[in-house]
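First comes the structure, then the notes that go with it.
Read the figures in this text as sums done on the coordinates, not as results from a lab. Here the structure is a predicted model, which means the values were calculated and not measured. Here Cβ is always computed from backbone atoms with ideal geometry, including for glycine, and neighbour counts include all displayed protein chains.
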Amino acid sequence: MKERINRDIPVPLYYQISNLLEERILEGIAKPGDYFGTEQEFQELFEVSRATIRKALERLETDELIYRITGKGIFVAPRKLKVELPQLLSFTEEMKLKGMTPGTVLVGADWVEPPSTAIQELCLSPGSQALVIRRVRSGDGIPIVYSECYLSPESGLTPDEDYSGSLYNLLESRTGRSVDIARHRIEATLAAGSVAEHLATPVGFPLIKFGRVAFDTNGAPLLYEIGYCRGDHYSYEIMLKRNKESP
């Protein structure tokens, strides 16, 4: 690796080193959770100053590719699922797009009296029943999302369906109604109670909570979903456009 650092070009050494280390991670040579090294080990490996190594590693930390544990060294960070809004994908589609293997644990599916928010979003009458599907969704075997999805009786689904895959695809195949658009609300929260257990996190662990209403091509609500995503494995990216006419 020392030979791959070119000291005769105007590209800073720290930048060359960070690119080489990044390649190790992105190519799967160093996998999530693996011990990556220490500043001293990298300093000796590349024969550069401690300041140069520190700057190279800071770049990888900023990109959330590595993390440090005091007294132990530097480790490869878990792969974080990045959802690019406003693209609307099911969790299964998100996983496959990122090259990860999706998994599902069905916690339960039952007819219940839904919370007031679900009644409002699904345009149900007070006292109506709704089908709730509680699932833990995983990527490469790691629990990432716990969700509770509410559907009206008009959805045609029952508690006995196979809920191991994409709910969007199941709805379309069973009812002919496809998800067209969704309203998505995101907020920060902390893991507590059964949610912490389902996601295998300590109580108080940072989570991303979302509420989503999905509509069919006629603008009718299909489902209302509440989800909790592990903050160390999930992120959202939003493209913003500046309105030049704003004051």
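Quick notes on this one:
- Exposure proxy order (Cβ contacts within 10 Å, fewest to most) of 195, 105: 105, 195
- Candidates per trypsin sites (Lys or Arg not before Pro) in the stretch 20-84, loop by DSSP, up to 11 other Cβ within 10 Å: 72
- Euclidean distance of C-alpha centroids, the stretch 87-136 and the stretch 168-197, integer Å: 4 Å
- Neighbour-count order for 226, 144, 181, 133, fewest beta carbons within 10 angstrom listed first: 181, 226, 133, 144
- C-alpha center-to-center spacing [the stretch 54-81, the stretch 212-238] in angstrom: 30 Å
- Each of 232, 180 was scored by other Cβ atoms within 10 Å of its Cβ. Arranged with the fewest first, they read 180, 232.
- Global form of the chain, assessed from the alpha-carbon gyration tensor, a/c cut-off 1.5: prolate
- Loop-located GluC sites (Glu not before Pro) in the stretch 53-140 (DSSP state not H, G, I, E or B) with no more than 14 neighbouring Cβ atoms inside 10 Å: 64.
- Counting only Cβ charges, +1 for Lys and Arg and -1 for Asp and Glu, the dipole size of the stretch 81-238 around its Cα centre is about 280 debye.
- Pairs of Lys in the stretch 1-152 closer than 27 Å at Cα, counting only those 8 or more apart or on different chains: 17
- Think of the stretch 156-247 as having a plus end and a minus end, set by charges on the Cβ of Lys, Arg, Asp and Glu; of 223, 235, 175, 235 sits farthest toward the positive end of this dipole.
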